[in-house]
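The values are calculated or read from the model by the stated rules, or taken from the named source; none is laboratory data. From a predicted model like this one, the values you see are computed outputs, not experimental measurements. Virtual Cβ from ideal backbone geometry, glycine too; neighbours counted across all protein chains shown. Just the protein is used for accessible areas: all its heavy atoms, side chains included, with ligands, DNA and RNA removed. Shrake-Rupley method; radii C 1.70, N 1.55, O 1.52, S 1.80 Å.
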Amino acid sequence: MTTASTSPFAVLNQTTATSFNEQKNLIKRVFKGKPVQCPSCKQTLKVILPEQAKIEQAAGIYCAKGCTDIELDMEAVAGL
C-alpha cells in the first residue's frame, strides 16, 4: 500500500500545482509590463487584448512560434 505522499495522485497534484503557479507568475510579470520570454523558444511574449483579438485568436498571451499559448478570459475587462 502506498502512502499519500508517494501516490500517483499526490505526484500529479504537486505537478499540476507547480505548473499553475509558474503560469500565474508568468501572467503577472507580463501584465506588469515587463518583457517576458517564452520558456521554450526564448522569444518575447505578446499580449493580445480583447479589442485586438481576431476570430481565430482569442485574447491572451502568446509567443510568435506558438509554444506559449495562454488564452485569458477577459470578459470582465472587455467593457471597460
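Based solely on its DSSP helices, what 222 nm [θ] is calculated for the chain when runs of n ≥ 4 H residues each add -39,500 (n - 2.57) and the sum is averaged over all residues, nearest 500 deg cm²/dmol?
Mean residue ellipticity, 222 nm, calculated: -11500 deg cm²/dmol.
What whole-number value in Å² describes the accessible area per residue of the chain for a 1.4 Å probe?
Here the residues of the chain average 79 Å² of exposed surface.
May I ask for the angle, rounded to the nearest 10°, between helix 8-31 and the longest principal axis of the chain, with both axes built from Cα atoms and the value confined to 0 to 90°?
So the inclination is approximately 20 degrees.
Report the FRET efficiency, 1/(1 + (r/R0)^6), for E71 and T44, where r is their Cβ-Cβ distance and R0 is 22 Å, rounded to 0.05.
0.75
Sort the following peptides by mean Cβ neighbour count (other Cβ atoms within 10 Å, averaged over residues), highest first: 17-26, 58-67, 43-52.
58-67, 43-52, 17-26
Share of the range 8-71's accessible area from carbon and sulfur, percent, 1.4 Å?
Percent of accessible area from carbon and sulfur atoms in the range 8-71: 54.
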